[in-house]
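Bear in mind these aren't lab numbers, they're just calculated from the coordinates by the rules spelled out. Keep in mind that what you see is a predicted model, and the values were worked out from it rather than measured. All Cβ positions, even for glycine, are placed from backbone atoms using ideal geometry, and neighbour counts span all protein chains on display.
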Amino acid sequence: MLQALAYRMVGCMHDAEDIVQDTFLKYLTIDQSKIENTKAYLIKSVTNNCLNHLNSFKQKKKDYLESVKMPDLFEKIDFSHMDIKHEISAAMQVLHKKLGPLERGIFLLREGFDFEYDELQKIFDKKKDHCRQLVSRAKEKLAKETERFSASTFDVEKYLEAINKASKEGNFDDLMDQIRGKDLSE
């Protein structure tokens, strides 16, 4: 029973056995006549020893992690682009699969770059209400699980370059070409 209790608390059979053994060794060295309920005493002792073990383990882990100097390990590797690149890639693939070029363009500029409907009207030569409707439809399509378009010609690197250029330089020409499905190398 004590071993099962210790195992549930520490999650390691080896540590649980050691804790129970240490508890019994301590129990055998004290004056047992002062103990009214041996079972309750042993359960409480095992519980306390498990808590002490877990606290000691946490402290050792904390000390180790502080001694390793994690930032030094990663200074030579540039991770800044990896997560964002992967996320943008996945998002653009979904957009490319589920939305047509016009919907994709209006949705991306509205939701991704916070363009106003007045600006979208000028860019796409569509009425504001039509732009709103396209954004609404795009959101509905993105919420559905079915695919509509093939992404076989989709090039993540070109999209990322175009988005980067648009956000840094304010030049949306390449991004608009990518949204419309034109190849930048043409």
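Observations on the model:
- Structure note, pairs LYS98/LYS122; LYS34/LYS61; LYS98/LYS168; LYS139/LYS165; LYS144/LYS168: Cα-Cα distances above 31 angstrom occur for LYS34/LYS61; LYS144/LYS168.
- Converting phi to 3J(HN,Hα) with the Karplus coefficients 6.51, -1.76 and 1.60 and the offset θ = phi - 60°, region 45-50 yields 5, 5, 4, 4, 5, 5 Hz in sequence order, with x at every glycine or proline.
- Amide H within-cut-off set for PHE115, under 5 Å, with H built and near neighbours excluded: ARG110
- Computed from phi, the 3J(HN,Hα) profile of region 109-123 under the Karplus parametrisation 6.51, -1.76, 1.60 (θ = phi - 60°) reads 5, 6, 7, x, 10, 6, 5, 7, 5, 4, 5, 5, 4, 6, 5 Hz, with x in place of Gly and Pro.
- In order along region 11-20, phi translates into HN-Hα couplings of x, 9, 4, 4, 5, 4, 4, 4, 5, 5 Hz, rounded to whole numbers, per the Karplus curve 6.51 cos²θ - 1.76 cosθ + 1.60 with θ = phi - 60° and x for Gly and Pro.
- The Cβ shell under 14 Å around LEU54 holds other residues with a net charge of +3, Lys and Arg each +1, Asp and Glu each -1.
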